[in-house]
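Some notes on the structure that comes next.
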Amino acid sequence: MREYIVSALFLLFVLPASAQTVPAGWKVVKDSKAACQIAVPPEWAPLSESGGAAVFHDPATAIAVVTSQPGQTFKPLTEAQLKTFDIPKEKMFENSAKRIFYQDRVSTGSEDPNAFSAMVPGKGGSCSFHLVFVPSITEEIARKIALSLGPVTEGAPPS
């Protein structure tokens, strides 16, 4: 429970434009304000009509959520923040002026989910992302989704 609270607080208070990568054939999912986006594999489906989330089969298998924080200035995490959020160094994949990307939950079994979080600078704020997925979803796919996070680009395909 603590890791969910820490993740939620982190996403609300410390939230990130890096070059986003949308793999060929993937679907773009925009947040409800159409300010930020991620890309998901073609077999994923929108969670609802309001946007901002996609699932693979069902939310218990995998769910990816993208949100925007208008006015939220992005900056890398400090050492003190990393300790407060209890993010181990080996699970912090990037903590730069372009992106924060880390694993905030590690699976302990085949039905126990993993979780990734990422933040990047957006247009007039920050974009954030959270993905919860069971081990049957490869870490490679999860990383590609995370690295696709960015502000909505002109001419982006519809959600």
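Listing for the model above:
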| read-out | value |
| --- | --- |
| Matching entry among PHE93, PHE101 (being out of contact with any Lys or Arg (no Cβ under 7 Å at 6 or more places or on another chain), outside any loop (DSSP other than H, G, I, E, B) and within 14 Å of SER148 (Cα to Cα)) | PHE101 |
| Answer from THR67, THR61 - the residue that is within 20 Å of TRP26 (Cβ to Cβ), more than 15 Å from the chain's Cα centre (by Cα) and among the polar types (S, T, N, Q) | THR61 |
| Region 88-123: number of residues that are under 23 Å from GLN69 (Cα atoms) and over 15 Å from the mean Cα position of the chain (by Cα) | 3 |
| Flag if LYS144 is assigned to a loop (DSSP other than H, G, I, E, B) and either within 20 Å of ILE63 (Cα to Cα) or under 16 Å from the mean Cα position of the chain (by Cα) (or both) | no |
| Residues of region 127-151 satisfying the condition of being over 14 Å from VAL65 (Cα atoms) and small (Gly, Ala, Ser) | SER136 |
| Single residue of VAL55, VAL66 found to be surrounded by 12 or more Cβ atoms within 10 Å (Cβ to Cβ) and touching a Gly at 6+ places or on another chain (Cβ under 7 Å) | VAL66 |
| Qualifying positions in region 34-68 - among the polar types (S, T, N, Q) and in contact with a Phe, Trp or Tyr (Cβ under 9 Å, 6 or more places away or on another chain) | THR61, THR67 |
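Yes/no matrix, rows are residues, columns are (1) among the aliphatic types (A, V, I, L, M); (2) out of contact with any helix residue (DSSP H, G or I) (no Cβ under 9 Å at 6 or more places or on another chain); (3) part of a helix (DSSP H, G or I):
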position	(1), (2), (3)
ILE63	yes, yes, no
SER68	no, yes, no
ASP112	no, yes, no
ALA115	yes, no, no
ALA118	yes, no, no
GLU140	no, yes, yes
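Bear in mind that the values in this text are calculations on the coordinates, not laboratory data. What you see is a predicted model; the values in this text were computed from it and never measured. As a convention, Cβ positions derive from the backbone with ideal geometry for all residues, glycine included, and neighbour counts pool all protein chains shown.
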